[in-house]
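Contents: one structure, followed by commentary.
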Amino acid sequence: MTPADPDLEARKAALRSRLKARRAEASAANGAAIAALAAERFLAAIPVQAGQTIAGYWPMGDELDPLPLLLALQRRGLRIALPAVQKGSRLLQFRRCDDLADPPPGGAYGIPAPGEGAPVLRPDILLVPLVGFDATGHRLGMGGGYYDATLAALREKGEKNVAVGYAFAVQQVAELPRGDHDAMLDWAVTERGAIKFER
């Protein structure tokens, strides 16, 4: 158990601010080229099979754009799902998205997500957006706790989902401040390569 740390959230917030600035800089400088290279790194390292479901995300702001990767995986026969925030819950629902040409309608908090009528899928692989990650596979998100809660719920059910952090290389740090409920990644992929973590 991580010792109680009253300053944990303040330390996370300070680091989040610095890492978001790094991410914005990388995105503005060469975002499209980095996204294409990160897709290549993922495809070279992460084993996938036709028929599997990958839960991606629609890029918001200066997040690393996963669309080149999702389109490549779709061509390989994988089903694509996008996360939807459910009212009154921190658990994300993953809904099928066949058309990646245009963003789906805005869901909760204005985040593009397939509508409630879209089929709900169980992901084999989750592509996880983040603000930062460290050398041991811990992740710093936006602070809402949605991915932490969702990954914990999937793992409690014994489902063998693979969580892959997707980020610019400048978002990696040596160590993150973390709490007991922060979920770990199985992999991280950046334009520099793929890193596998032991949970």
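The values are calculated or read from the model by the stated rules, or taken from the named source; none is laboratory data. Note that the coordinates shown come from a computational prediction; the quantities given were computed from them, not determined experimentally. Positions of Cβ are backbone-derived with ideal geometry, glycine not excepted, and every protein chain shown enters the neighbour counts.
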Give the residue that is nearest to the chain's Cα centre (by Cα), with candidates limited to residues of segment 113-127 that are modelled with pLDDT under 95 and under 17 Å from Leu71 (Cα atoms).
Ala113
The condition from (1) modelled with pLDDT of 95 or more; (2) in contact with an Asp or Glu (Cβ under 7 Å, 6 or more places away or on another chain) that Ala167 misses is numbered (2)
Quick check on my filter: what residues within segment 112-122 are part of a loop (DSSP other than H, G, I, E, B) and out of contact with any Leu (no Cβ under 8 Å at 6 or more places or on another chain)?
Gly115, Glu116, Gly117, Ala118, Pro119, Leu121, Arg122
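Every residue, every condition in (1) of a type in the set (A, V, I, L, M, F, W, C); (2) more than 29 Å from Val173 (Cα to Cα), yes or no:
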site: Val85; (1), (2): yes, no
site: Arg96; (1), (2): no, yes
site: Pro103; (1), (2): no, yes
site: Gly107; (1), (2): no, yes
site: Ala118; (1), (2): yes, yes
site: Leu121; (1), (2): yes, yes
site: Leu126; (1), (2): yes, no
I'd like to check which strands (runs of 3 or more DSSP E) are fully inside segment 34-111 and have at least 3 residues that are buried (at least 21 other Cβ atoms within 10 Å of the Cβ) and under 17 Å from the mean Cα position of the chain (by Cα).
79-85, 92-96
Residue count, segment 139-197, condition assigned to a loop (DSSP other than H, G, I, E, B), among the aliphatic types (A, V, I, L, M), in contact with a helix residue (DSSP H, G or I) (Cβ under 8 Å, 6 or more places away or on another chain) and buried (at least 18 other Cβ atoms within 10 Å of the Cβ), comes to 3
